[in-house]
Amino acid sequence: MAVEPLSQKEIEDRLAELPGWSADGDRLTCSYRLPSHFAATAMVVHIAQVQEELDHHSDLTLGYNTVALSVNTHSVGGAVTEKDFELAQRVAALAPGHGAQ
Ligand SMILES: C[C@H](O)[C@H](O)[C@H]1CNC2=NC(N)=NC(=O)C2=N1
């Protein structure tokens with residue numbers, strides 16, 4: 001899939017539909033709090049499965065009871081693209097099932 005950097009307006013419009021996610025420079029970021037360390041670890045594994053499926057990978061950080069993601073698209077020089085939003089939407093959809101807030 002050919003991808004192109006999104007404009008600032010396109011990023012803002014898409015972020016309005018993604019609670020908890022924000023733009024930090026040229027990256028999309030989000031941090032979740034989980035009920036336990038095990039729950040956070042399970043969510044990381046679930047995200048890793050989705051990332052392999054999409055062939056698109058965030059910088060994924062596991063804390064004691066937190067999971068943080070930061071993502072952009074390397075192949076366009078580190079800009080935000082539709083692929084980043086596709087991953088963000090998939091993660092936002094799976095998060096409630098892990099008790100993430
Ligand atoms: C060869 C493989 O498809 C590429 O390296 C993929 C893998 N995961 C990726 N992840 C991210 N975040 N950006 C990319 O451009 C990217 N490219």
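The values are calculated or read from the model by the stated rules, or taken from the named source; none is laboratory data. Source: prediction; values computed, not measured. Quick reminder, even Gly has a Cβ in these numbers, built from the backbone with ideal geometry, and neighbours come from all protein chains shown. Only protein heavy atoms, including side chains, enter the accessible area calculation; ligands, DNA and RNA are left aside. Shrake-Rupley method; radii C 1.70, N 1.55, O 1.52, S 1.80 Å.
How large is ³J(HN,Hα) for each residue in region 57-69, as worked out from phi by the Karplus curve 6.51 cos²θ - 1.76 cosθ + 1.60 (θ = phi - 60°), to whole Hz, x for Gly and Pro?
Running phi through 6.51 cos²θ - 1.76 cosθ + 1.60 with θ = phi - 60° gives 10, 8, 7, 10, 10, 9, x, 4, 9, 10, 10, 10, 10 Hz.
Explain nothing, just the number: relative contact order of the chain, from Cα pairs under 8 Å at least 6 residues apart, as a whole percent.
35 percent
Just report the Cα centroid separation between region 60-76 and region 82-101, whole Å.
One Cα centre to the other: 12 Å.
Solvent-accessible area of ASP59, probe 1.4 Å, all protein chains present, reported in Å² to the nearest ten, please.
Surface open to solvent at ASP59 totals about 90 Å².
Filter the chymotrypsin sites (Phe, Trp or Tyr not before Pro) in region 1-84 to those in DSSP coil with at most 16 other Cβ atoms within 10 Å of their Cβ, and list the result.
For chymotrypsin sites (Phe, Trp or Tyr not before Pro) across region 1-84 that sit outside H, G, I, E and B with at most 16 neighbouring Cβ atoms in 10 Å, the list reads TYR64.
Could you work out the percent of alpha carbon pairs in the chain separated by over 22 Å, rounded to a whole number?
25 percent
Return the loop-located GluC sites (Glu not before Pro) in region 1-74 (DSSP other than H, G, I, E, B) with at most 14 other Cβ atoms within 10 Å of their own Cβ; answer none if there are none.
GLU17
Taking the full set of protein chains and a 1.4 angstrom probe, give the accessible area of THR41 in square angstrom, rounded to the nearest 10.
Taking all protein chains as shown, THR41 has close to 50 Å².
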